[in-house]
There are 2 protein chains.
Amino acid sequence: MNIHSTKATPIQVNPIGKREHIIDATIKLISEYGFHGTPISLIAQEAGVGAGTIYRYFKDKDTLVLEIFKQANNAFKETLLHGYDANQTIRDRFLHLCRGIFQYGIQNPYEFKFIEQFYNSPYGTTLRREKLFCNCGDTGQELPLEQLFAFGQAQQIIKKLPLAALIALAIGPIVFLVKDSIAGLIQLDETTINSTLAACWDAVKQDTGGR
Amino acid sequence: MNIHSTKATPIQVNPIGKREHIIDATIKLISEYGFHGTPISLIAQEAGVGAGTIYRYFKDKDTLVLEIFKQANNAFKETLLHGYDANQTIRDRFLHLCRGIFQYGIQNPYEFKFIEQFYNSPYGTTLRREKLFCNCGDTGQELPLEQLFAFGQAQQIIKKLPLAALIALAIGPIVFLVKDSIAGLIQLDETTINSTLAACWDAVKQDTGGR
DNA sequence: ACAGACGGAATGAACATTCATTCTACAAAA
DNA sequence: TTTTGTAGAATGAATGTTCATTCCGTCTGT
């Protein structure tokens, strides 16, 4: 093995990347088996590191998962906001945000399931409740979907429904479909996505006389 | 073996309720903490029985959970089908079925979350996939929602979308809302439920010219 | 007194976390 | 260039805990 000029090997030789492998393995396994269902030993195996190594990068299992959630959740929000134009019509902005959920879910299936699981765990529920009641956002960033709905209601464009119901009407079907897609139960082509998005809009838009 | 007084029910003879207590405790705990997150010891404590007693009624933890799922799932289907009238309009039948989901979820929050979790577990996913591909139903009973959609599509009443997408549009928001309701994030009154159901119909119904 | 139901301690397997040790990279010394 | 010293990274066997399941002495209705 030669020593000099070893700069062209960016893959395994670098010390950097081990942390990423651990994170990737954790996301993949927990998204499938859940927190309690995936032992550290399995994460270590999947990541190709020793079990002890994980504790060089993360204090404990909880911290590991929490950190991953924050990271994935931020990436998710960024996907939604990328290219978001506050000057577009309400409908177009709505479609943009909802399409973002599809996009993120299809491109990051493991992260998507991970986030979903986290939100449905006791910890995630507590988090949402606190956000709801205290409004003491740490990141400050709230889903712009809520503002959009409030704004649209004032203009008689969006149905008069509790915000939570509108959000359920918009997000519910998409989350449902993406999960089916990840499970391999359906193939999501562009046409299906577009029609589904249009249908979601039909659900939240104010009636204009159509029977 | 004694001859007289043939006991056809070997389990129910003893103080009735023990088995039910175990089931109830399991549903409650697993719906909150998940399968791997709820130890048998905790179930025993919550049910007010000894840990060993559980094994008098169920072979092991898996069997316990599987049996509960079947039971809850059947009760769920019954709720949906109760009062279902195949002679009503497609819209009314749709609303009936969807309202049933709300009803069951609100009246049986623990069971609802339990079923949801089960379907999203690896086991549940496998089950759904098998049902989809083999069509070898054990109970035979499929959600009538699918038939309804297929029928409605033929009559141009329902949007031309993959069945999975239609089901997502109908069920997704309701599941989403019920979970929020169970988490205490929203109060579901009759008005909200009705409006949400109407919105779900808007999502799946064929356009009639409204802009 | 007897048969079965019951509780909960006992058991062994699996788990999260720790720690003594080994490995690696690199720089100073020769 | 080669050797040696060293700090930090990495490891996986060891540790103490928790789990699912079993086992056995006790209790209850008959």
*Which of A:Lys113/B:Lys59; A:Lys113/B:Lys179; A:Lys160/A:Lys205; B:Lys77/B:Lys113; A:Lys59/B:Lys28; A:Lys131/B:Lys179 have a Cα-Cα distance over 21 Å?*
A:Lys113/B:Lys59; A:Lys59/B:Lys28
*How would B:His82, B:His36, B:His96 line up by accessible area, probe 1.4 Å, largest first?*
B:His82, B:His36, B:His96
*Amide H of B:Ile158: which non-local residues (sequence gap of 5 or more, or other chain) have their own amide H closer than 5 Å, using H built in the peptide plane?*
B:Gln153, B:Gln206
*Tell me, what % of the accessible area of the range A:72-204 is carbon and sulfur with a 1.4 angstrom probe?*
53 percent
_Net charge of neighbours whose Cβ lies under 14 Å from the Cβ of B:Tyr110, counting Lys and Arg as +1 and Asp and Glu as -1_ = -3
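Report the calculated FRET efficiency for B:Asp207 and A:Leu66 (r = Cβ-Cβ distance, R0 = 41 Å), to the nearest 0.05.
Details: r = 45 Å, r/R0 = 1.10.
The formula returns an efficiency of 0.35 here.
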*Relative to the isolated chain, which residues of the range B:19-34 have their accessible area cut by 20 Å² or more in the presence of all protein chains (1.4 Å probe, heavy atoms, no ligands or nucleic acids)?*
B:Glu32, B:Tyr33
_Restricted to Cα positions, what overall size does chain A have along the principal axes? Three whole-Å values, descending._
76, 38, 34
*Using a probe radius of 1.4 Å on protein heavy atoms only, what is the accessible area buried between chains B and A, both sides summed, to the nearest 100 Å²?*
3400 Å²
*Distance in nm between pseudo-label sites at A:Ala198 and A:Lys131 (7 Å out along the Cβ direction from Cα)*: 3.1 nm
*Could you give the accessible area per residue of the range A:32-162, probe 1.4 Å, as a whole number in Å²?*
56 Å²
*With θ set to phi - 60° and the Karplus curve 6.51 cos²θ - 1.76 cosθ + 1.60, what are the ³J(HN,Hα) couplings of the range A:191-202 in order, to the nearest whole Hz, using x for Gly and Pro?*
4, 4, 4, 4, 5, 5, 4, 4, 5, 4, 5, 4
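With runs of 4+ DSSP H residues as the only contributors, calculate the mean residue ellipticity of chain A at 222 nm using -39,500 (n - 2.57) per run, divided by the residue total and rounded to the nearest 500.
Computed ellipticity for chain A at 222 nm equals -21500 deg cm²/dmol.
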*Mind checking which of A:Phe118, A:His21, A:Gly34 is farthest towards the positive end of chain A's charge dipole, using Cβ charges of +1 (Lys, Arg) and -1 (Asp, Glu) about the Cα centre?*
A:Phe118
*asked:* Using only the heavy atoms of the protein chains and a 1.4 Å probe, how would B:Ile54, A:Ile157 rank by accessible area, largest first?
replied: A:Ile157, B:Ile54
*asked:* Once the label point is set 7 Å along the Cα-to-beta-carbon vector, what list of distances in nm do you get between B:Ala75 and its counterparts in the other copies?
replied: 4.0
*Give, as a single signed number, the net charge of other residues whose beta carbon lies under 12 Å from the beta carbon of A:Thr38, with Lys and Arg counted +1 and Asp and Glu -1.*
0
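The values are calculated or read from the model by the stated rules, or taken from the named source; none is laboratory data. This is a predicted model, so every value here is computed, not measured. We place every Cβ from the backbone using ideal geometry, glycine too, and count neighbours over all the protein chains shown. For the accessible areas, the whole protein counts, side chains as well, though only heavy atoms, and no ligand, DNA or RNA atoms are used. Shrake-Rupley method; radii C 1.70, N 1.55, O 1.52, S 1.80 Å.
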